[in-house]
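Asker: Quick one: structure below, then a few questions.
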Amino acid sequence: MVQGVNGWVSSGLGAASLALAASVALAAPAAAQSGDPIKIGYSMAMTGGLAGNGKSALLAQKIWEEDINAKGGLLGRKVQLIAYDDQSNPSTVPGIYTKLLDVDKVDLIIGAYATAMLAPAMPIVVQRKKTFIGLLGLAVNTEFNYDQYFVMIPSGPDPKPAFTKGFFDAAMAQDPKPQTVAIVAADQEFSRNAADGARENAKKAGLNIVYDKSYPPSTTDFAPIVRAIQAANPDIVVIGSYPPDSVGMVRAVNELGLKPKAIGGAMVGLQATAIKTQLGSLLNGFTNYDFWLPVPKMQFAGVDDLMKKYQAKAAAEGVDALGYYMAPWAYAQLQVMQQAVEATKSLDDKKIADYIRASTFKTVVGDVKFGKGGEWAESRVLQVQFQNVKGNDVGQFKDISTQVVITPEAYQSGKMIYPYEKAK
């Protein structure tokens, strides 16, 4: 059995069918809807390296489902979310979406969480002419250029450099300015894209790249990588990593005493409450991307209500206690689909896509307008520095004074401590 977001679900299938095994259909309360439910299907990481974020997203999506059904559903019909565990494994994704469309006969699909899980779904999405709203995927549509793809991530019209632009901007504003940079990234879709963007940013800043390498996703010992970076003696270090290796990299940097002037940039996982509490003061000085924090300038309509509901349920569901990284985006992902369906009074994918392309959406992450390639029309990636973290208490991460938004200026909540060593 596998624990899903809304109870126990069967996983008694053979190894060849594991992609479809761990499923969860999120039940909705009875309401005054009529007819068959509108089924929305997708894959989500419930196990594997991305599961911490995936399960947090699922809880927020369950809250959206409860909220929408309490208001009468969509088009007078109850909504039912159907999600299957992709195990954080890209190879499972095509089979999941094929099953959703051919066996479950879902009305609509949305995208999974993470670049590496969205990209393998795209050939099926394009072939079936489905509208597809992804969740936190970086530059997924660059190769496909599919006009019914959209993504809930604030990287904007030039997504690859957007992830680290604020990191470079903050570093280059210091005195003395850095001269050299090291770039290290996992050999996976997101990290490769982020590293491509970091190279662009480094070139624009006039920095000399003294180290630029990738590592296999299966890497567990990061000491040799950190030693190699140490030998190159860069002023700043950009890291593109997924959660397990982000933890390994932070530990190795601290254990080996790597002391660049700034470090971080594109590390997935440092936004997760469990990882923050696990690493505690080891995080001090790291500057890294984020998308939403409860700073005063980001208290958009509805987000406080969502976060209260989420945090009240989080412990019982065994998910991220605070939910800052995933919950608003997963909820907003479905808000966009909801508003498009309501406006078009249709489940027709092309009509929905045409509406999404032309409209601005009111969501818990603020106003959302899509532009080229289905990316956000404007970038809004934050760079956040960990400061004054003490011990491993979760409360200090709810009090966002330990996570200071340093860029962009419109959402800034404090100043960067530079060089990095001063924040230790």
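The values are calculated or read from the model by the stated rules, or taken from the named source; none is laboratory data. The shown structure was predicted, so the numbers you read here are calculated from the model rather than taken from an experiment. Positions of Cβ are backbone-derived with ideal geometry, glycine not excepted, and every protein chain shown enters the neighbour counts.
Asker: I want to confirm something. Restricting to region 113-140 and keeping residues that are touching a Phe, Trp or Tyr at 6+ places or on another chain (Cβ under 6 Å) and modelled with pLDDT of 95 or more, which single residue is surrounded by the fewest Cβ atoms within 10 Å (Cβ to Cβ)?
Answerer: Filtering first and then ranking leaves Val126.
Let's see how each residue does on (1) within 24 Å of Lys160 (Cβ to Cβ); (2) at pLDDT 95 or above:
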{"position": "Pro224", "(1), (2)": "no, yes"}
{"position": "Asn233", "(1), (2)": "no, yes"}
{"position": "Pro243", "(1), (2)": "yes, no"}
{"position": "Ser246", "(1), (2)": "yes, yes"}
{"position": "Ala272", "(1), (2)": "yes, no"}
{"position": "Gln278", "(1), (2)": "no, yes"}
{"position": "Leu282", "(1), (2)": "no, yes"}
{"position": "Lys297", "(1), (2)": "no, no"}
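Asker: Please tell me if Ala223 is hydrophobic (A, V, I, L, M, F, W, C) and surrounded by fewer than 18 Cβ atoms within 10 Å (Cβ to Cβ).
Answerer: Spelling it out, Ala223 is indeed hydrophobic (A, V, I, L, M, F, W, C) and surrounded by fewer than 18 Cβ atoms within 10 Å (Cβ to Cβ).
Asker: Separate question: Every residue in region 295-325 that is aliphatic (A, V, I, L, M) and in contact (Cβ under 8 Å) with a residue 40 or more places away in the chain, please.
Answerer: Correct list: Val295, Met298, Ala301, Val303, Leu306, Ala314, Val319, Ala321, Leu322.
Asker: When you scan region 277-294, do you find a residue that is small (Gly, Ala, Ser), under 28 Å from Val151 (Cβ atoms) and touching a Gly at 6+ places or on another chain (Cβ under 9 Å), even just one?
Answerer: Checked against the condition, which is being small (Gly, Ala, Ser), under 28 Å from Val151 (Cβ atoms) and touching a Gly at 6+ places or on another chain (Cβ under 9 Å), region 277-294 yields no hits at all.
Asker: Follow-up question, since we're still on this one. Within the group Asp196, Asp169, Asp212, which residue is under 15 Å from Gly265 (Cα atoms), part of a strand (DSSP E or B) and assigned by TED's automatic domain parsing to the domain that holds Ile263?
Answerer: After applying the criteria, what remains is Asp212.
Asker: Is there any pair linking a residue in region 243-272 that is crowded, with 24+ Cβ neighbours inside 10 Å to one that is among the polar types (S, T, N, Q) and part of a loop (DSSP other than H, G, I, E, B), with Cβ under 7 Å and at least six apart or on different chains, and which?
Answerer: That search, which allows pairs on different chains as well, returns Asp245/Thr219.
Asker: Any chance region 78-86 includes a residue that's in contact with a Pro (Cβ under 6 Å, 6 or more places away or on another chain), basic (Lys, Arg) and over 20 Å from Ala353 (Cα atoms)?
Answerer: Within region 78-86 (the criterion being in contact with a Pro (Cβ under 6 Å, 6 or more places away or on another chain), basic (Lys, Arg) and over 20 Å from Ala353 (Cα atoms)), the answer is yes, since at least one residue qualifies.
Asker: Which of the strands (runs of 3 or more DSSP E) contained wholly in region 342-424 include at least 1 residues that are within 23 Å of Asn141 (Cα to Cα) and either out of contact with any strand residue (DSSP E or B) (no Cβ under 6 Å at 6 or more places or on another chain) or at pLDDT 95 or above (or both)?
Answerer: 360-363, 366-369, 382-386
Asker: Another question about this same structure. Could you tell me whether region 309-322 includes any residue that is farther than 16 Å from Leu293 by Cα and among the aromatic types (Phe, Trp, Tyr)?
Answerer: Scanning region 309-322, I find no residue that is farther than 16 Å from Leu293 by Cα and among the aromatic types (Phe, Trp, Tyr), so the answer is no.
Asker: Any chance you could count how many residues in region 141-161 are among the hydroxyl-bearing types (Ser, Thr, Tyr) and modelled with pLDDT under 95?
Answerer: Qualifying residue count, region 141-161: 2.
Asker: Within region 29-51, which residues are at pLDDT 90 or above and under 14 Å from the mean Cα position of the chain (by Cα)?
Answerer: Correct list: Met44, Ala45, Ala51.
Asker: Of Ser214, Ser218, which residue is at pLDDT below 95 and under 24 Å from Ile275 (Cα atoms)?
Answerer: Going through Ser214, Ser218 in turn, just one is at pLDDT below 95 and under 24 Å from Ile275 (Cα atoms): Ser218.
Asker: Taking region 251-269 only, how many residues are touching a Phe, Trp or Tyr at 6+ places or on another chain (Cβ under 7 Å) and either at pLDDT below 95 or among the β-branched types (Val, Ile, Thr) (or both)?
Answerer: Matching residues across region 251-269 total 3.
Asker: Got at least one residue in region 174-184 being surrounded by 15 or more Cβ atoms within 10 Å (Cβ to Cβ), at pLDDT 95 or above, within 15 Å of Pro161 (Cβ to Cβ) and in contact with a strand residue (DSSP E or B) (Cβ under 6 Å, 6 or more places away or on another chain)?
Answerer: For region 174-184, residues surrounded by 15 or more Cβ atoms within 10 Å (Cβ to Cβ), at pLDDT 95 or above, within 15 Å of Pro161 (Cβ to Cβ) and in contact with a strand residue (DSSP E or B) (Cβ under 6 Å, 6 or more places away or on another chain): present.
Asker: Does Ser88 meet the test of being closer than 29 Å to Asp245 by Cα and either at pLDDT 95 or above or among the hydroxyl-bearing types (Ser, Thr, Tyr) (or both)?
Answerer: In short, yes.
Asker: Filter region 196-213 for residues that are of a type in the set (Asp, Glu) and under 10 Å from Ala182 (Cα atoms) and give the result.
Answerer: Listed by number, the list holds a single entry, Asp212.
Asker: Would you say Ser191 is touching a helix residue (DSSP H, G or I) at 6+ places or on another chain (Cβ under 8 Å) and outside any loop (DSSP other than H, G, I, E, B)?
Answerer: For Ser191, the condition - touching a helix residue (DSSP H, G or I) at 6+ places or on another chain (Cβ under 8 Å) and outside any loop (DSSP other than H, G, I, E, B) - is not met.
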